[in-house]
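A.B. asks: Take a look at the following structure, please.
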Amino acid sequence: MTGEIINFPDMKNIEKEIEKLRTELSMLVIEYDTLRFTDGPNIETAYMLELGGLEYSVFEAQCELKRLMRKRDFMQMSINRGEKPDMKAIEKRLDEEFQIYKEKLDEELHKINKSIERANLPTLSADEEKELKRLYRKIVKKLHPDLNPDATDEQKRLFQNAVAAYQNGDLSAIRMIADIANGADDKKSNGNDVLFHIKENLEKSIKNMNEKISKIKSEYPFTLAEFTRDKNKMSERKKELKEILEKYKQAIENYERILEEMMK
């Protein structure tokens with residue numbers, strides 16, 4: 001009997017609870033990463049391919065109208081002072097004021113380009129998707145920092161590589177990392193104090209992960225999900241955007257005529 005470790009009933013129960021918590025946390029990590037790397041980008045891609053170009057045109061027209069309105073204001077100020085508007089100086093000032101709008105337009109264009117590129121990426125089969133998630137779950141249980149607080153820097157780095165591979169749907173890389181992770185030995189803890197500490201940390205991590213999942217579901221691009229799930233809503237949104245764009249175009253034409261008259 002000398003040297004044997006006696007597992008008392010309460011320790012065994014705690015170990016079982018810890019294993020359940022580890023499994024729960026690993027599933028939540030999978031859910032969160034799937035939301036980040038698969039579901040969210042898929043929603044954004046579907047929406048952008050359908051309405052992204054139209055939304056970009058609406059925002060571009062809105063910016064153009066605001067610029068024309070501001071241009072009129074500058075010209076009117078010069079006229080009120082009895083001066084001829086210095087159009088070169090006005091255009092320079094407008095460029096400075098509307099730099100933020102230009103940056104925003106570039107951001108929207110980036111979203112559209114990203115969606116087009118994503119739509120053209122090779123996709124995994126249903127069986128490959130299942131294998132990807134199954135192997136990633138194993139990697140999470142073996143290497144995720146919240147589940148393995150004693151992980152080395154290289155193990156943390158390996159996990160980050162796994163996250164990147166999962167994000168990119170790189171099944172071959174996930175297979176390789178899973179093989180490495182499977183070779184890692186599980187560390188068994190002795191002593192109630194240590195077990196209680198592990199259990200407490202896992203419960204905190206689960207709470208934090210649930211909060212992160214709730215938060216991401218309430219943010220862009222998940223706010224677009226209602227349109228991608230409902231064709232009627234998508235059609236209504238498209239009609240609405242076209243009507244808005246037409247109103248902006250008409251307003252732009254009106255302001256261009258006003259500016260032409262002011263230049264005479």
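The values are calculated or read from the model by the stated rules, or taken from the named source; none is laboratory data. As the structure is a computational prediction, the values presented were derived from the model and not from experiment. All Cβ positions, glycine included, derive from the backbone under ideal geometry; neighbour counts span all protein chains shown. What goes into the accessible areas is simple: the full protein's heavy atoms, side chains included, and nothing from ligands, DNA or RNA. Shrake-Rupley method; radii C 1.70, N 1.55, O 1.52, S 1.80 Å.
A.B. asks: Given the rule -39500 (n - 2.57) for each run of at least 4 DSSP H residues, summed and divided by the residues of the chain, what is its mean residue ellipticity at 222 nm, to the nearest 500 deg cm²/dmol? Intermediate values should be presented prior to the final figure.
C.D. replies: Values: 11 runs with 204 residues, N = 264.
Calculated from helices alone, the mean residue ellipticity at 222 nm is -26500 deg cm²/dmol.
A.B. asks: Still on this structure, I have one more. With the cut-off at 1.5 for a/c, could you classify the range 127-248 from its C-alpha gyration tensor as rounded, prolate or oblate?
C.D. replies: Values: a/c = 3.58, a/b = 2.06, b/c = 1.73.
Prolate shape, in that a/c is at least 1.5 and a/b is the bigger ratio.
A.B. asks: Could I ask something else about it? For the chain, what's the radius of gyration and Dmax over Cα atoms, in angstrom?
C.D. replies: 28.5, 106
A.B. asks: While we're here: Taking the chain as a Gaussian network, where each spring joins two C-alpha atoms under 10 Å apart, which residue of THR38, THR228, THR152 fluctuates the most?
C.D. replies: Looking only at THR38, THR228, THR152, the largest GNM fluctuation is found for THR152.
A.B. asks: Another question, if that's okay. Restricting to Cα pairs below 8 Å that are 6+ residues apart, what does the relative contact order work out to for the chain? Please round to a whole percent. It would help to have the intermediate numbers written out before the result.
C.D. replies: Values: 186 pairs, mean separation 100.1, N = 264.
Relative contact order for the chain comes out at 38 percent.
A.B. asks: Could you work out how far the C-alpha centroid of the range 105-138 sits from that of the range 26-43, in angstrom?
C.D. replies: Each part reduced to its Cα centre gives a spacing of 11 Å.
A.B. asks: Enumerate the whole-percent occupancy of each 5 Å bin, from 0 to the last occupied one, for all C-alpha pair distances of the range 59-154.
C.D. replies: 2, 10, 11, 10, 8, 7, 8, 7, 6, 6, 6, 6, 5, 4, 2, 0
A.B. asks: Continuing with this model, one more query. Give me the 1.4 Å probe accessible area per residue for the chain, excluding ligands and nucleic acids, in Å². Don't jump to the answer; show the numbers that get you there.
C.D. replies: On the way: 17270 Å² over 264 residues.
On a per-residue basis, 65 Å².
A.B. asks: Starting from the range 3-82, pick out the trypsin sites (Lys or Arg not before Pro) whose DSSP state is loop and whose Cβ has at most 10 other Cβ atoms within 10 Å. Each step should come with its number before you reach the end.
C.D. replies: On the way: sites: LYS12, LYS16, LYS20, ARG22, ARG36, LYS66, ARG67, ARG70, LYS71, ARG72, ARG81; in loops: ARG81.
Hits after loop and neighbour filter: ARG81.
A.B. asks: Of the candidates ILE180, ILE100, ILE139, which one comes out as most mobile in a Gaussian network treatment of the chain with C-alpha springs shorter than 10 Å?
C.D. replies: Looking only at ILE180, ILE100, ILE139, the largest GNM fluctuation is found for ILE100.
A.B. asks: Taking 8 Å as the Cα distance limit and 6 or more residues as the minimum spacing, I'd like the relative contact order of the range 123-264 as a percentage.
C.D. replies: Details: 60 pairs, mean separation 25.8, N = 142.
Normalised by residue count, the contact order of the range 123-264 is 18 percent.
A.B. asks: Mind computing the radius of gyration and Dmax over the alpha-carbon atoms of the range 185-264? Å is fine for both.
C.D. replies: 28.3, 90
A.B. asks: Using a Förster distance of 30 angstrom, determine the FRET efficiency expected from the C-beta separation of GLU211 and LYS231, and round it to 0.05.
C.D. replies: On the way: r = 33 Å, r/R0 = 1.10.
Calculated transfer efficiency: 0.35.
A.B. asks: Of the GluC sites (Glu not before Pro) in the range 192-240, which ones lie in a loop per DSSP and count no more than 15 other C-beta atoms within 10 Å?
C.D. replies: Values: sites: GLU200, GLU203, GLU211, GLU219, GLU226, GLU236, GLU240; in loops: GLU219.
Within the range 192-240, the qualifying GluC sites (Glu not before Pro) (loop, at most 15 other Cβ atoms within 10 Å) are GLU219.
A.B. asks: Going from most exposed to least, what order do MET87, MET176, MET69, MET234 have by accessible area with a 1.4 Å probe?
C.D. replies: Details: MET87 45, MET176 115, MET69 70, MET234 20 Å².
Ranking MET87, MET176, MET69, MET234 by accessible area, largest first, yields MET176, MET69, MET87, MET234.
A.B. asks: Fully extended, how many nm does the chain gain between MET69 and ASP127 (0.36 nm per residue separation, minus their Cα-Cα distance)? Mind dumping the intermediate values first?
C.D. replies: Numbers: separation 58, 0.36 × 58 = 20.88 nm, distance 5.65 nm.
Value of the extension gain: 15.2 nm.
A.B. asks: When the accessible area of the chain is split by element with a 1.4 Å probe, what percent falls to carbon and sulfur? Spell out each step's value before the answer.
C.D. replies: Working: 8630 of 17270 Å².
Carbon plus sulfur share of accessible area: 50 percent.
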